[in-house]
C-alpha cells in the first residue's frame, strides 16, 4: 500500500477509477468523532421509511413503481398532443392547461410525483406507443405528460439528448462530460428536484440506468464510518468550467421532516479526459477521497438497474436518489460502437410536494428554474431534433444541469 499523503492534486485522479483513495483504511473513533450509536448533530441516527431501500429488495416489486398506460390513456395523450399543436405555441409553453388530460389520468401522473417526494423516490411511466409519433412529437408528448407529474420545468436549451459518442466527430478530443460518452457513469446527482429520462430507444448492450437510495447509503455510513459522514457535512468547493461555481456547500443536508438531501458528484473533483478541474481550487484531502470511494462502493452495493423499454419515462428524485449508468455498446478495445440508445432529459419541480431547502441551496432552484437573462426574463431554445439550429438567444444559457451534473 502507498503511504497516506495529506492530499492529492486533482489532475492525478481518474474519473473512472474504482479507487481514488490509495491509503490504508484506518479508523479508530476519536473523542470528537460520534460513536456508532449516536446521531450526528441535526441528523437522525438512521433514516426510516420508503426512501430507505436496497436494489435486491426493490427489484422484487416492479408493480409498485411502474405506472402502465392503457390504450384509452394513449388515445387521450394523442388528443392532447393534437390540441397543443393546434394552438401553435412554443414548446416552452406546454403545461397541464395547454396539454389537457382527463382528471383520472392526470391524478395518476401526479401520483408519480407523490412517490418521488414522499415514497421510494422514483417511478416509471410505461406504455408510450412511439410508433404513432414522430421523434419531435415524442418529445412534445414527454413534456406534456411530464407537466402533469410536475408542472415546473428546468431550462431545455441544449445538451438534453444523450446519444452514442460515436455520432460526434472528434469526440475523443472534445471536452465531453461522462454522460455524453458510451462509458460508465459514476454515481452522482444532477441539479434539480426531479430528473426525468425519456427512452426514445435503448442500447444493444449495457446502458442501464442505475439508481441508489441516498438514505440507505447514509445509514450504512452512520453505522460503519461516521467520520466520513462528518466530512460530508462540511463545505465542499465545486467548480463548473462552463459558467458557474460555488464557494462551498455541504454534500448532505437534513431537510425538514427528516428528508435527506445528498448532492454529490466526483466529476468536479476528478475532471474528465482533457478537461481538468479548476487548478486554483484546493486539492481534495485523503479523507475526502476515502469518502468518495466509499460512497461509490455502497451505491453499487445497494444500486438498482431501472427496467428499460423503448418509450419508458423514468422520474427520479434527484435530491435523495443517486444515479449512474453502465457502459454501453463498446468494442473490445473500449471504442464506442453505433448505438440506438437515445435518452432525452428534463428537470422538473412540483411546487405542491417540493421539499424545503436551506438558504445556502437557494442557488439550486434559481440555477434551474429561474430566469436566464440579465433583465430577469427567461428564454429557452428547445432541441426537438438531433440537427438543431445551433444559434442561441442572448443571455446566460443553461448548458447542463449545473455544477453537479452529467457524471
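Applying the condition of being assigned to a loop (DSSP other than H, G, I, E, B) and surrounded by 22 or more Cβ atoms within 10 Å (Cβ to Cβ) to the range 265-288 and asking which residue is nearest to the chain's Cα centre (by Cα) yields 265. Please tell me if residue 112 is in a helix (DSSP H, G or I) and touching a strand residue (DSSP E or B) at 6+ places or on another chain (Cβ under 6 Å). In short, yes. Identify all residues within the range 45-57 that are under 14 Å from residue 214 (Cα atoms) and touching a strand residue (DSSP E or B) at 6+ places or on another chain (Cβ under 9 Å); write none if there are none. Those that are under 14 Å from residue 214 (Cα atoms) and touching a strand residue (DSSP E or B) at 6+ places or on another chain (Cβ under 9 Å): 47, 51, 52, 53, 54, 55.
Which of the residues belonging to the range 41-56 are surrounded by 18 or more Cβ atoms within 10 Å (Cβ to Cβ) and in a loop (DSSP other than H, G, I, E, B)?
43, 47, 51, 52, 53
If you go through the range 120-148 and keep only what is within 14 Å of residue 50 (Cα to Cα) and either in contact with a strand residue (DSSP E or B) (Cβ under 7 Å, 6 or more places away or on another chain) or not in a loop (DSSP other than H, G, I, E, B) (or both), you end up with 121, 122, 123. Taking (1) in a helix (DSSP H, G or I); (2) in contact (Cβ under 8 Å) with a residue 60 or more places away in the chain; (3) out of contact with any strand residue (DSSP E or B) (no Cβ under 9 Å at 6 or more places or on another chain) in turn, residue 117 satisfies each apart from (3).
When residues in the range 15-59 are screened for being farther than 19 Å from residue 218 by Cα and at pLDDT 85 or above, 1 of them pass. The residues of the range 120-143 that are crowded, with 21+ Cβ neighbours inside 10 Å, within 30 Å of residue 216 (Cα to Cα) and either without any contact (Cβ under 8 Å) to a residue 60 or more places away in the chain or out of contact with any helix residue (DSSP H, G or I) (no Cβ under 7 Å at 6 or more places or on another chain) (or both) amount to a single one, 121. Residue 368 falls short of the stated requirement of being modelled with pLDDT of 55 or more, more than 22 Å from the chain's Cα centre (by Cα) and surrounded by 15 or more Cβ atoms within 10 Å (Cβ to Cβ). Being in a helix (DSSP H, G or I) and surrounded by 21 or more Cβ atoms within 10 Å (Cβ to Cβ) is not true of residue 106. Residues that are loosely packed, with under 11 Cβ neighbours inside 10 Å and in contact (Cβ under 8 Å) with a residue 60 or more places away in the chain within the range 57-103 comprise just one, 90.
The values are calculated or read from the model by the stated rules, or taken from the named source; none is laboratory data. Note that the structure is predicted; figures quoted are calculated from it, not measured. Cβ: placed from backbone, ideal geometry, glycine included. Neighbour counts: every protein chain shown.
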